[in-house]
1. Quick one: pull the percentage of alpha-carbon pairs in the stretch 33-96 with a separation above 12 Å.
2. Just the number please: accessible area per residue for the stretch 40-79, 1.4 Å probe, all protein chains included, in Å².
3. Among P67, F17, M116, whose Cα sits farthest toward the positive end of the charge dipole of the stretch 1-128 (+1 at Cβ of Lys/Arg, -1 at Cβ of Asp/Glu, about the Cα centre)?
4. Under 26 Å between alpha carbons, and skipping anything fewer than 8 positions from K55 in its own chain: which lysines qualify?
5. If I stretch the segment between R78 and R40 completely, what's the gain in nm (0.36 nm per residue apart, minus their alpha carbon distance), one decimal?
6. Based on the Kirkwood radius over alpha-carbon pairs, what is the Stokes-Einstein translational diffusion coefficient of the stretch 23-146 at 25 °C with 0.890 mPa s viscosity, in µm²/s?
7. Divide by every residue of the chain the summed helix terms, -39500 (n - 2.57) for each DSSP H run of at least 4, and state the resulting mean residue ellipticity at 222 nm, rounded to the nearest 500 deg cm²/dmol.
8. What does the charge dipole of the stretch 58-146 about its Cα centre add up to, to the nearest 20 debye, if the Cβ of each Lys and Arg holds +1 and the Cβ of each Asp and Glu holds -1?
Amino acid sequence: MEKNNSALFFTCSLIEFIGRATKNKRQDVLDYLGEKDVARIYKYADVFHCEPIEKVADDFIMRRQIPAGTFDNISSCRYDVPDYWDIGEVFERLIEDVCEEKDVITGIFEVYHSWMAKQILNFNSDLYYQSREYIAVCYKEGKILP
């Protein structure tokens, strides 16, 4: 899988944006979008990126009728909240680093449905600020390493 994949970066950032807008867990956002729409977002990321992310997100929220959820990791954050681009980059790098031999869409679903997604989205920890290498090793080991 290519490193610094801008289409993957946009896809992950849009997933994060939609999750925040609808207050849904990110794996639930993926499930609502479905594999076909996630693949569409990835394939046409360069086109979608030309429009404001708010509009693109709203179009997919309306199209897939994504309901409001109750997952709110933003208001419970005691520190500066990372923006959706920052978190999109963390997920992009992790997918690149641990799903090298897999189809990118499969990798997206695998990582977002993993135990690590919950850890990254805990903005009261510092995991999302750690190096990409450390996050990838933790993922592969199945636990947060000291």
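1. Numbers: 1588 of 2016 pairs.
Here the tail beyond 12 Å accounts for 79 percent of pairs.
2. Details: 2850 Å² over 40 residues.
Accessible surface, normalised per residue, equals 71 Å².
3. P67
4. K23, K25, K36, K43
5. This chain segment gains 10.1 nm when fully extended.
6. Working: Rh = 15.5 Å.
Translational diffusion coefficient: 158 µm²/s.
7. Working: 8 runs with 90 residues, N = 146.
Taken over the chain, the calculation gives -19000 deg cm²/dmol.
8. Here the stretch 58-146 has a charge dipole of around 380 debye.
The values are calculated or read from the model by the stated rules, or taken from the named source; none is laboratory data. What you see is a predicted model, and the numbers here were worked out from it, not measured in a lab. Neighbour counts are summed over all protein chains in view; Cβ atoms, including those assigned to glycine, are modelled from backbone coordinates with ideal geometry. Accessible surface is based on the protein model in full, side chains and every heavy atom, while ligands, DNA and RNA are left aside. Shrake-Rupley method; radii C 1.70, N 1.55, O 1.52, S 1.80 Å.
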